[in-house]
1. Dipole of the chain (Lys/Arg Cβ +1, Asp/Glu Cβ -1, origin at the Cα centre): which of Val86, Ser49, Thr105 lies farthest to the positive side?
2. Set Lys and Arg Cβ to +1 and Asp and Glu Cβ to -1, take the dipole of the chain about its Cα centre, and tell me which of Gly154, His130, Phe114 lies farthest positive.
3. Using only Cα atoms, tell me the angle between helix 103-115 and the longest principal axis of the chain; keep it within 0 to 90° and round to the nearest 10.
4. Using label points projected 7 Å from each Cα along Cα→Cβ, tell me how many nm separate Asn45 and Asn83, to one decimal.
5. Return the label of the correct value of Cα extents along the principal axes in Å, as calculated from the structure shown, out of (i) 137, 50, 23; (ii) 57, 43, 37; (iii) 89, 40, 24.
6. Taking the Cα centre of segment 8-187 as origin, work out the dipole magnitude from +1 charges on Lys and Arg Cβ and -1 charges on Asp and Glu Cβ, in debye rounded to 20.
7. Going by how many other Cβ atoms sit within 10 Å of their own, how do His77, His139 line up, fewest first?
8. When the chain is treated as a GNM, springs tying every alpha-carbon pair under 10 Å, which of Glu48, Glu176, Glu158 comes out with the largest mean-square fluctuation?
Amino acid sequence: MDRDKPCPYILFMINKIIYRFNQFWFGMSARYTKADEAFARTYLNIEESSLFNQLPGFEKKHAVVVARKMLALARLHPELDQNKLVKLGLLHDIGKVAEKNSVLTKSILVIIRFFLPWLYDRLADSGETHSFFRRFYIHKHHGAVGAQLLEKIGETSEILSIIAKHDPRIEPFGPEDPLELKLLQQADSTY
């Protein structure tokens, strides 16, 4: 091994740290604008909008960014329903309405998940029954929590299943999964 070249693992970790820092900076500086609000209103019905508007501004901004990426991906896949793709982008993190996080508390959750995944998983598992750790449980399982919330307002089963499975750390994409899920995971992989 060439001693002048850094270890691939170190480069991987440096890239992950830079990505997380950029994600944090985006959350701190992003503003949910009137144009974003109009965009979301175009694709969401009243019940969906009511849930969506319970998200903090930084989460709504993230959802709009993902939805716009989904719209761009829809142009590459004309066989897919453009409105459904955008709706998936807007609603994919709707389960986070139950977290009540700020950018700082979300950052702490992400840091723990990234640097201490065993602790994150343990706290998330405890959060299913212990209210003090509930935030970890919801953060880890926000896809399933979101699907439950959306089911209560009559969302289609196809949207529910994709939202429930959208986090590849919980359930990786499989060959039987719809293309919309893969596109959502791709669009959601950046801030």
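We did not get these values from a lab; they are worked out from the coordinates using the rules stated. These numbers come from a predicted model, not from an experiment. When we count neighbours, we look across all protein chains shown, and the Cβ atoms used for this are built from the backbone with ideal geometry, even at glycine.
1. Result: Thr105.
2. The residue sitting farthest along the positive end of the dipole is Phe114.
3. Long axis of 103-115 versus the principal axis of the chain: about 50 degrees.
4. 1.0 nm
5. Label (ii) holds the value from this structure.
6. On the way: 24 positive and 20 negative charges, 169 e Å.
Magnitude of the dipole: close to 820 debye.
7. Numbers: His77 13, His139 25.
Final ranking by Cβ density, sparse to dense: His77, His139.
8. Glu176
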